[in-house]
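Asks: Can you keep this structure in mind? I'll have questions shortly.
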Amino acid sequence: MPVLAALTGAGLSAAAGFNAYIPFLIVAVFARFTDYISLPAEFAWIESNWALGIGAVLLAAEVVLDKIPAVDTLNDTIQTFIRPSMGGLIFAATNAASDLENSTFMQQNPWIGVVLGVIVSGLVHTGKMAARPVVNAGTLGAGAPVVSTLEDGASVGLSLVAVLFPILVVLALILLAWLIIWLWIRVRRWRAQRTPLTVG
């Protein structure tokens, strides 16, 4: 598996952990209108008119729902199944596209890209899902639209870096891993402070 292709897939999968539809649409647009991504036949549907249309509608709904306190938590629960799946799809598609002319490794083992994409996207989604209730509680809901906008921006930025400058994905993933660990520690401390002490 070419290293740059793997970095592209990892970056796009991480972006899907924030917002499933942003990296999907970016891949679709790049495949449709540029030479950066040439999807193989089995993934050509990603750049079709109907896929672009449905993806745009779902993105619009996601952008709105994710900025409403309480609704965002319900949306994150639903997205638990969608974001990792999209991460797996995008990882497999971009790696297969890269390997089409170079080797048959990903064509013979497409499950590797799917599994890696699901893991990367799932980790990012888990961090996002754990942090959002803390943000909502700490800001009385006012922080939801701000944090959601930052997450959407991170998804766009990470997707573009993954496609155009994949070598930089290493730094982005290191920073993202640090952020997830930091958030996880903060969430645990916050929950511990809220847990009432029992005497008995």
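Asks: Report the local net charge at W182: Lys and Arg +1, Asp and Glu -1, summed over other residues whose C-beta lies under 13 Å from its C-beta.
Replies: Neighbourhood net charge equals +3.
Asks: May I ask you to work out the translational diffusion coefficient for the stretch 107-185 at 10 °C, viscosity 1.306 mPa s, via Stokes-Einstein with Rh from the Kirkwood sum over Cα pairs, reported in whole µm²/s?
Replies: Taking Rh from Cα pairs, D becomes 113 µm²/s.
Asks: Of S159, S38, S13, how do they rank once you tally other Cβ atoms within 10 Å and put the fewest first?
Replies: S38, S159, S13
Asks: If Lys and Arg each add +1 and Asp and Glu each add -1, what is the summed charge of the other residues whose beta carbon sits under 13 Å from the beta carbon of Y21?
Replies: That sum, taken over residues with Cβ under 13 Å, equals -3.
Asks: Scattering from the C-alpha atoms of the chain alone, worked out with Debye: what is log10 I(q)/I(0) at q = 0.10, 0.18 1/Å?
Replies: -0.42, -1.18
Asks: Which of I46, I185, I22, I54 comes first, and how do the rest follow, when ranked by fewest Cβ neighbours within 10 Å?
Replies: I185, I54, I46, I22
Asks: Another question, if that's okay. Of R83, R189, R32, R132, how do they rank once you tally other Cβ atoms within 10 Å and put the fewest first?
Replies: If I rank by nearby Cβ atoms, fewest first, I get R189, R32, R132, R83.
Computed from the coordinates by the stated procedures, all read-outs in this text should not be read as laboratory data. Note that the structure is predicted; figures quoted are calculated from it, not measured. Glycine also receives a Cβ, built like all others from the backbone with ideal geometry; neighbour counts cover every protein chain displayed.
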